[in-house]
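Enquirer: Okay, here's the structure, questions in a sec.
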Amino acid sequence: MSDAVPQATESRNQPSTPPKQKRRPMRVAGLLLIIFSVLIGWFLLIAFLGWQSGQRELQNKQFAQLDRQVTLAEENISQGNFQLALTRLEWVLERDSSHAEAQTLRDQAFAGLGATPEPTPVTAVTVTPAPTRLPTATPGAIDSPNEELLRIRRLVATKFWEEALPALIAFQQQFPSFEREETDQLLYDVYLNYGLDLIEGEQVELGMFYLAQAQQLGDLPQYVIDYQTWAELYTQGISFYGVNWEATAYYFRDLCLAAPFYQSSCEQLFTVLVSLGDQYAFAQDWCPAEQLYIEAGSYQTASELTQKRTEAEENCLLATPTPSEPITDTVPISDTEPFVGSPFVLPTETPASP
């Protein structure tokens, strides 16, 4: 009788896969999940720190901008330019109504203009009715210069510049010597005020033309000259808009610094800087793009801008070569002697031709 044990029973009782081999994929999956969670947490932390840093930079920039406008308004008051000072201070108080220095300077500017600031009503708002528009004169020859001049005076007094301007031009063409000094003064006032209204609106170039016409009749106040300068910066910047972002940013940087309240210049500069940064990013020139995104973040913050800034920062670090170790085992240059004599020696004789 044989003592051999049948092998089929033993192989049937043994498991086909060891337990360790079954648990190994689960461990790998768990490890990958942990690594993925750590990476996501790290990315969120970096994004939060970047957003927080951007918020601090934005607040610091805004405070510096407000302080600058208050300082400029104080200089305007000392120069007697009360109207421009009021424009600056009202812009400041719209963004920080509790700014004590701006409120004090605003009272001084109103006192300089000879006006008393009226308190803003809390429960009721007083609506000033619009003046009744005067009838337009019938085109053609003017029958009575006295009546027409009276009508023009009323148009100027009620600030209907658009109707007063052609009426004055037609009046002077037909009656060049009739009350010429007064009509010149009226024409100066119309050109000046109508030009300012247009410069602060959408027809900036036409407003600049009217101010130039007023300048031919008399000197412009300093605050009007300032508006002329800002309008020139604006038109120069707009002329390059969408064509040359670098040139547009050049003009809007100066405009935002001098007059942030004019034509939303700082908001315009933000858009220009982001567009210029996108242009560099599209060309994969990440380091200039990063600097432009940082500069744009000092005017406004947006989640999209934060993502662009983070992407540019990461790619800039990858593109910038890290300094390697210093070069060693170099052999210094030795046995050198200074050169004596002129380094350029001209031949004294022409060599004979072969």
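Enquirer: Kindly give Rg over Rh for the range 179-282, based on alpha-carbon atoms, with the Kirkwood expression for the hydrodynamic radius.
Expert: Details: Rg = 16.5 Å, Rh = 14.7 Å.
Rounded to two decimals, Rg/Rh equals 1.12.
Enquirer: Contact order normalised by length for the range 145-214, with contacts defined as Cα pairs under 8 Å and 6 or more residues apart; what percent is it? Walk me through the numbers before you get to the answer.
Expert: Working: 58 pairs, mean separation 18.1, N = 70.
It rounds to 26 percent for the range 145-214.
Enquirer: Using a simple spin-label model with points 7 Å from Cα along the Cα→Cβ vector, what separation in nm is obtained for Ile238 and Ala302?
Expert: Modelled inter-label distance: 2.1 nm.
Enquirer: Based on the Cβ-Cβ distance of Gln216 and Gln279, what FRET efficiency does E = 1/(1 + (r/R0)^6) give at R0 = 45 Å, to the nearest 0.05?
Expert: For R0 = 45 Å, the calculated efficiency reads 0.60.
Enquirer: Additional query: Measure off 7 Å from each Cα along the Cα-to-Cβ vector at Ala100 and Glu162, then give the distance between these two points in nanometres to one decimal.
Expert: The two pseudo-label positions are separated by 4.6 nm.
Enquirer: Follow-up question, since we're still on this one. Over the range 142-289, with every protein chain in place, what whole percent of the accessible area is carbon and sulfur at 1.4 Å, could you tell me?
Expert: Here it works out to 49 percent.
Enquirer: Might you tell me the accessible area per residue for the range 225-272, computed with a 1.4 Å probe and given in Å²? Write out the running numbers ahead of the final one.
Expert: Values: 2040 Å² over 48 residues.
It amounts to 42 Å² per residue over the range 225-272.
Enquirer: Between Glu179 and Asp107, 0.36 nm times their residue separation minus their Cα-Cα distance comes to what? Can you show the working numbers first?
Expert: Numbers: separation 72, 0.36 × 72 = 25.92 nm, distance 3.93 nm.
Separation in residues times 0.36 nm, less the Cα-Cα distance, equals 22.0 nm.
Enquirer: Could you work out the relative contact order of the range 140-290? I mean the mean sequence separation of Cα pairs under 8 Å and 6+ apart, divided by the number of residues, in percent. Spell out each step's value before the answer.
Expert: Working: 138 pairs, mean separation 19.2, N = 151.
Relative contact order of the range 140-290: 13 percent.
The values are calculated or read from the model by the stated rules, or taken from the named source; none is laboratory data. Given the structure is predicted, the values throughout are model-derived calculations rather than measurements. Note that each Cβ is placed from the backbone with ideal geometry, even for glycine, and that neighbours are counted across all protein chains shown. SASA here: full protein model, heavy atoms, side chains in, ligands and nucleic acids out. Shrake-Rupley method; radii C 1.70, N 1.55, O 1.52, S 1.80 Å.
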